[in-house]
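The values are calculated or read from the model by the stated rules, or taken from the named source; none is laboratory data. These figures come from a predicted structure and were not determined experimentally. Every residue, glycine as well, gets a Cβ built from its backbone with ideal geometry; the counts of neighbours run over all protein chains shown. Protein only, heavy atoms only, side chains kept; ligands, DNA and RNA dropped before computing areas. Shrake-Rupley method; radii C 1.70, N 1.55, O 1.52, S 1.80 Å.
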Amino acid sequence: MRQGMSRRELLAAGLALPFSGIAYAQLTCGELTLAQTEGPFFKPKSPERHILVDSGKEKILLTGVVLSRNCKPVAKALLDFWHADDMGEYDNDGFRCRGHQFADAEGRFRLETIVPAQYPGRARHIHVKVQAPGRRVLTTQIYFPNDPGNTRDPLYRADLTLRRNGSEGRFDFVIDA
Ligand code: FE
């Protein structure tokens, strides 16, 4: 590949796929990702899939890596995601907007879904449990940048905000591994 290709060119060439076009640079590790409450709507036994919703108002491709505290990728880390739909509702009967997946050998994951709506009292967020094989589970929530709900939600943390570039988002986890 020639030097200085733009992200758009890389994407066009398919070289930045299947993972995000957002560069895998400036990985931050050392400190564990902040844990947050699970909330009332977790359901175990979600289906294994990386596409949660393929239609909806606003799609987002969330990618990232799972790292240990010493910045090593956590191969086969379990990531279990669940979030409200574009009406702010959780599917408590079935598994819409719910799914788990395992990171690849480089600790990478990709989640295709929709941007959840806000619901009363909460900023837009995606719930997730992340676990290295045989280690303890990190339960947390991921937020969206510039969401007006962020300033009103006491749970919101800047550290837990994904980086967004249009329909792509990036978030890296640092877990006990
Ligand atoms: Fe929630």
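Residues Ser46, Ser55, sorted by accessible area with the largest first, give Ser55, Ser46 [1.4 Å probe; ligands and nucleic acids excluded]. In the assembled protein chains, Phe95 presents an accessible area of approximately 70 Å² (probe radius 1.4 Å). Summing +1 for each Lys or Arg and -1 for each Asp or Glu among the other residues whose beta-carbon sits under 10 angstrom from that of Arg170 gives 0. Bridgeable lysines around Lys72 (alpha carbons under 20 Å apart, same-chain partners fewer than 8 residues away excluded): Lys129.
Among the GluC sites (Glu not before Pro) found in the stretch 70-177, those both in a DSSP coil and sparsely packed, with 16 or fewer other Cβ atoms within 10 Å of their Cβ, are Glu89, Glu106. Dipole size of the stretch 49-177 about its Cα centre, with +1 on Lys/Arg Cβ and -1 on Asp/Glu Cβ: approximately 440 debye, rounded to the nearest 20.
Residues Lys45, Lys76, ordered by accessible area of protein heavy atoms at a 1.4 angstrom probe radius and largest first, appear as Lys45, Lys76.
The Cα-based radius of gyration of the stretch 30-175, divided by its Kirkwood radius, gives an Rg/Rh of 0.93. Only bridges whose two residues both fall in the stretch 24-177 count here: according to DSSP, what percent of them are antiparallel, nearest 5? In the stretch 24-177, DSSP labels about 75 percent of beta bridges as antiparallel.
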